[in-house]
Amino acid sequence: MYFREKLMNTQTISIFIIAVFLLMSCENKKDGAIENKTPLENFHDMKFGMFIHWGLYSIPAGEWKGEYVRGIGEWIMYNRQIPVKEYEQLAQKFDPVKFNADEWSQLAKDAGMKYMVVTAKHHDGFAMYNSKISDYNIVDRTPFMRDPMTELAKSNAETGIKFGFYYSQAQDWYEPNAAGNTWDFPEERDPKSYVEGKALPQISELLKNYGNLALVWFDTPQLLTREQALSLKQHVKELQPTCLVNDRIGFNLGDYIQMNDNSIPTMVYDWNAWEIPATLNDTWGYKKNDQNWKDPHDLIYKLTDIVSKGGNYLLNVGPTAEGVIPEASQEILRTVGNWLKVNGEAIYGTNHTPFFYPGITWKCTTKPGKIYFHIVNWPGTKLEIEGLENKVKSAHFLANNEKVEFTQKGNKLVFTLPAVPVDPFNTVIVVEINGEQAKVSPGYGYRDSQQEITFYARDARIRGEEARYDWESQSVSGFVNSGDPKNELRWYHFPFVDGKYQVDIEYACDDSIAGSEFYFYKRMEEEHPYNGIIEGTGGQFKQFRVMEVNMTKGEDNRLVFGLVENDKSANVRVRRIFLTRVQ
Ligand code: JFZ
């Protein structure tokens, strides 16, 4: 009796399990979701993460012995060549009494961020966690004596934010055998002793003691051999097989790639999963007088732009020495988060645009059977989209569910819009199409060859501490020459076809500054820049011939504009460049 019952139960249970399983797989087929995503797919779905640069450098905060130090805050030790003996004394003053892991994690969540990457050890070599390998760490050397990484791991597990560590594997300015510190230590290095004695065992600690990690973020690969880099990666995978490593581990060993800092490519990049590390102002580590905050509009624009091109946005905050994320950062991030609360459907888990780079009026993301048009610059009462071949079944605003009127003739889709944007930053139109995949007419796809390409200053990487974008005139000005980094525009173009193009530039300036010189070059040809004379335009936007450039498929074709050193104040307003195919 007993056995029979037990048998029946087992049978019933197995039938039940099989039934549930079948049901689940049907469910999955219905909404097209893949049941078991790979760690890389999960990473790609997250889109938006919080980068945190926090360490001893947040105490000097961009100032040393009363003097302003130009450049990024976490590089202060290097930029001022501060001896270890002096720099390490900062630890005795590091007491971030206002640090609250729950608040940081909650801020990430409120901002709509899905993951967090925090500096466990930056180039200064100071471990921001309890390390048994080196006593140069926050628990052993500071009055604080707590391990903030344990606290963050716990808070993130509770809020559901995925967690990862930044670890500077090659540069360690505290160590004579690592890369970077040439002012304290002799030139000869024994990287092996550093890698095996510090980097590898510290990586072990990070992977063993802080729960599941989504990724380890390595940086500035140098000095290490391929074998040493590989051993770091293998170490990560042995301890946590699902933990990703980024490509700044070097030697193409990464699971996914980083674009240059703050550098959004000009169009879709689909060779790899990728991420853009980016600053909220002009520094990673806290600098007290850097108030050059990107506004929420800019950030939502950039997030949309990056996601529409297939990437993730890893946006940085630099907490103070007290452990507080600057109030301004918090407010900006919460505004972005409020937009994402309403419009997240058009960001998370989406695919890149099927179209060739569409300019600065609208961007596009997709899901099976759906296209999201993101209107980032309100075009007035009509928006025309060319090149879509699928029949549009319906269109509505994501923010309020209201229908959007449209007409569709051939491959031309025209939306009728209200005079004012539904959302001040980015109004999303959800379009349901016939078929799963968007089909784009020849010549309109991102992989197609183009006769004419326009790159806007809006979408360039704007470098330097003076160059600024102005929404009104849609142009960048402030190309003065006050040092490093230079005030420049940089476009990162990874073309899908080879081509030779004539470049023209559009700018406006007062006649008084005519005669200033500008430079323009393609990366790797820095030694042979094109030098042109700025012509007065009486304040009007005008176009000028620049030069011809060859661009190769898949290559990082960096196009750079700046002003040559002079005494005149340069107030040139650059709006865009045009590339016209000549071959
Ligand atoms: C590195 C660090 O040196 C810096 O302090 C910060 O942590 C940043 C996120 O990463 O800086 C880099 C590294 C690589 C490039 C640019 C800046 N790059 O490849 O262009």
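For the range 213-230, enumerate the residues that are assigned to a helix (DSSP H, G or I) and within 16 Å of the ligand (Cβ to nearest atom). Hit for the range 213-230 is ALA229, nothing else.
Residues in the range 260-280 that are in contact with a Gly (Cβ under 9 Å, 6 or more places away or on another chain) and of a type in the set (Ser, Thr, Tyr): TYR269, THR279. You will find that of TRP54, TRP64, the residue that is at pLDDT 50 or above and either surrounded by 19 or more Cβ atoms within 10 Å (Cβ to Cβ) or over 31 Å from the mean Cα position of the chain (by Cα) (or both) is TRP54 and no other. Residues of the range 426-447 that are closer than 29 Å to GLN543 by Cα and open to solvent by less than 50 Å² (accessible area, probe 1.4 Å): GLY443, GLY445, TYR446. Annotation: of all residues in the range 67-80 being closer than 21 Å to PRO96 by Cβ and among the aliphatic types (A, V, I, L, M), the one that is nearest to the chain's Cα centre (by Cα) is ILE72.
Each residue in the range 265-289 was checked for being more than 13 Å from the ligand (Cβ to nearest atom), within 25 Å of GLU74 (Cα to Cα) and open to solvent by less than 20 Å² (accessible area, probe 1.4 Å), and 1 pass. In this structure, does PRO319 turn out to be within 16 Å of the ligand (Cβ to nearest atom) and in a loop (DSSP other than H, G, I, E, B)? Judged against the criteria, PRO319 is a match. Residues in the range 204-223 that are farther than 18 Å from TYR115 by Cα and either without any contact (Cβ under 8 Å) to a residue 40 or more places away in the chain or over 25 Å from the mean Cα position of the chain (by Cα) (or both): SER204, GLU205, LYS208, ASN209, LEU223. Candidates in the range 244-264 are the residues that are more than 10 Å from the ligand (Cβ to nearest atom) and open to solvent by less than 20 Å² (accessible area, probe 1.4 Å); of these, the one that is nearest to the chain's Cα centre (by Cα) is ILE264. Count of the range 507-521 residues, restricted to those that are in contact (Cβ under 8 Å) with a residue 60 or more places away in the chain and surrounded by fewer than 22 Cβ atoms within 10 Å (Cβ to Cβ), is 2.
For the range 534-543, the condition of being in contact with a Lys or Arg (Cβ under 8 Å, 6 or more places away or on another chain) and within 24 Å of GLY311 (Cβ to Cβ) holds for none of the residues.
Note on the range 55-111: enclosed helices (runs of 4 or more DSSP H) holding 1 or more residues that are among the basic types (Lys, Arg) are 84-87, 101-110.
Of all residues in the range 76-119, those being within 16 Å of the ligand (Cβ to nearest atom), in contact with a Gly (Cβ under 8 Å, 6 or more places away or on another chain) and aromatic (Phe, Trp, Tyr) number 2.
The values are calculated or read from the model by the stated rules, or taken from the named source; none is laboratory data. Quick caveat, the model's predicted, so the values are computed rather than measured. Reconstructed Cβ throughout: ideal geometry from the backbone, glycine too, with neighbour counts over all protein chains shown. With ligands, DNA and RNA removed, areas are computed over all heavy atoms of the protein, side chains included. Shrake-Rupley method; radii C 1.70, N 1.55, O 1.52, S 1.80 Å.
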